[in-house]
Amino acid sequence: MEAFRVFPFEAVGKLATALIREAYESAPPTPASSPDIGVIPDDGEGFEGLTEVFRSVVTGSAGLAAPNMMGHMDTAPHPAAAFTDALVSAVNNNLLFRELSPLASRVEESLVADIGMRLGLSASWAGTFVSGGSLANLTALFAAVGGFTEVESRSECDLFLPECAHVSLKKSAAVLGIPAGRLHVLPGDALGRSNTAALRAALGVSTARRKIVVGILGSTVHGAVEDIQELVEATTAHDAWLHVDAVYAGALAFSRQHRHLLTGLDQADSVALGRKSGCTSLAYPPSCG
């Protein structure tokens with residue numbers, strides 16, 4: 001505790017504030033040269049070394065806030081989010097146990113419920129924060145294959161994917177023990193969206209113990225949005241689990257003009273959604289067994 005008492009909070013805070021501001025106002029899209037982090041020292045340099053460390057973080061990083069920066073999937077967070085992130089890191093609460101995160105646990109529950117409501121999901125749905133879209137899909141498919149039950153029968157699950165499906169879904173299948181031969185990539189249109197007639201036919205001949213269909217709301221390449229209501233009708237007719245990967249287009253819940261593209265989402269069995277830069281993804285499986 002003595003180390004905390006002697007820490008130069010004011011000086012370090014002033015330095016961090018100045019460099020955070022620089023990251024937003026004057027950092028170039030890419031570093032002027034390839035960053036050189038040097039050799040990891042055997043002995044620490046003390047607080048004085050923070051100046052160089054902080055400076056190297058700004059000068060050696062991509063400037064996402066630069067007006068001519070094309071940041072692929074990542075954007076600069078709002079400054080308020082950046083400072084809040086520092087504060088959250090300082091208290092370092094652990095969401096594993098409620099007593100270790102009295103506020104954070106309530107925030108998670110409140111946000112999950114609010115976003116579920118905006119998506120049109122009923123109060124019976126459950127959800128959880130995870131560290132990214134890939135783990136959101138994995139969590140949902142974990143529920144789809146039966147959670148902690150029927151582990152030995154996962155080789156008897158059929159997984160039906162559109163051509164535009166994210167690579168994380170195939171990875172999730174491998175992690176969960178679904179054989180490659182049980183993965184069925186359905187023919188689709190120019191955007192990779194599933195042909196519903198082909199899906200119905202494939203479901204009709206499947207003898208799998210569990211049938212799992214993945215629908216896409218916002219593919220990574222084309223931004224493809226599938227007709228979720230049609231997928232609901234197909235999966236309901238063949239007693240299949242419908243998982244919707246809405247990591248990208250779940251944000252349509254906040255759109256007045258395009259919200260209709262979410263029609264049918266409330267009838268799915270699981271949903272994954274997320275937001276880049278400063279926010280984890282959510283998985284909405286009703287039950288994990």
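The values are calculated or read from the model by the stated rules, or taken from the named source; none is laboratory data. Everything numeric in this text was worked out from a predicted model, so none of it was measured. No Cβ is skipped: glycine too gets one built from the backbone with ideal geometry, and neighbour counts run over all protein chains shown. Surface areas here come from the heavy atoms of the whole protein model, side chains and all, with no ligands, DNA or RNA. Shrake-Rupley method; radii C 1.70, N 1.55, O 1.52, S 1.80 Å.
Averaged per residue, the chain has 59 square angstrom of accessible surface, using a 1.4 angstrom probe with ligands and nucleic acids left out. In plain terms, if you count all Cα to Cα distances in segment 86-167 and split them into 5 Å steps from zero, the share in each step is 3, 11, 14, 19, 19, 16, 10, 6, 3, 0 percent.
Rounded to the nearest 5, what is the percent of antiparallel bridges among the DSSP beta bridges in the chain?
Numbers: 8 of 25 bridges.
Roughly 30 percent of the DSSP beta bridges within the chain come out antiparallel.
Spin-label model, Leu111/Arg5: points 7 Å from Cα along the beta carbon direction are separated by 3.6 nm. When all alpha-carbon pairs of segment 114-264 are counted, what percent fall beyond 22 Å? In whole percent, the share of Cα-Cα pairs in segment 114-264 beyond 22 Å is 38. Using R0 = 51 Å, the C-beta based FRET efficiency linking Ser89 and Ala201 works out to 0.50.
Please report, ordered by residue number, every helix of the chain (full DSSP H runs) that is 20 Å or longer along its axis going by C-alpha atoms and whose mean Kyte-Doolittle hydropathy reaches -1.0. It would help to have the intermediate numbers written out before the result.
Working: long enough: 9-25 (23 Å, 0.29); 102-119 (26 Å, 0.37).
In the chain, the long hydrophobic H runs are 9-25, 102-119.
The value of relative contact order for segment 29-123, using C-alpha pairs under 8 Å at least six residues apart, is 21 percent. Segment 157-209 and segment 95-147 have Cα centres separated by 25 Å.
Helical content of the chain, expressed as a calculated mean residue ellipticity at 222 nm, amounts to -11000 deg cm²/dmol (DSSP H runs of 4 or more residues, -39,500 (n - 2.57) each, divided by residue number, nearest 500). What's the whole-number percent of alpha carbon pairs in segment 138-219 lying beyond 14 angstrom? More than 14 Å apart: 59 percent of the Cα pairs in segment 138-219. Which net charge results when you count Lys and Arg as +1 and Asp and Glu as -1 among the other residues whose beta-carbon is under 11 Å from that of Ile216? Once all neighbours under 11 Å are counted, the net charge is -3. Computed over segment 180-227, relative contact order equals 29 percent, with contacts defined as Cα pairs under 8 Å that lie 6+ residues apart. Among 209-216, 230-237, the peptide with the highest mean count of other Cβ atoms within 10 Å heads the list, and the full ranking is 209-216, 230-237.
Once R0 is set to 41 Å, what does the formula 1/(1 + (r/R0)^6) return for the Cβ-Cβ distance between Gln257 and Glu52, expressed as a FRET efficiency to the nearest 0.05?
Details: r = 49 Å, r/R0 = 1.19.
With R0 = 41 Å, the Cβ-Cβ based efficiency is 0.25.
For segment 10-116, the Stokes-Einstein estimate of translational diffusion at 37 °C and a viscosity of 0.692 mPa s comes to 197 µm²/s, using the Kirkwood hydrodynamic radius over alpha-carbon pairs. Among residues other than Thr59 whose Cβ falls under 12 Å from its Cβ, what is the net charge (Lys/Arg +1, Asp/Glu -1)? Neighbourhood net charge equals -2.
Give the relative contact order (percent, whole number) for the chain; include only Cα pairs under 8 Å separated by 6+ residues. Write out the running numbers ahead of the final one.
Working: 445 pairs, mean separation 54.2, N = 289.
Normalised by residue count, the contact order of the chain is 19 percent.
Comparing Phe254, Phe160, Phe97 in a Gaussian network model of the chain where C-alpha atoms under 10 Å apart are linked, the largest mean-square fluctuation is found at Phe97.
For the chain, the dipole from Cβ point charges (+1 on Lys and Arg, -1 on Asp and Glu) about the Cα centre works out to 700 debye, to the nearest 20.
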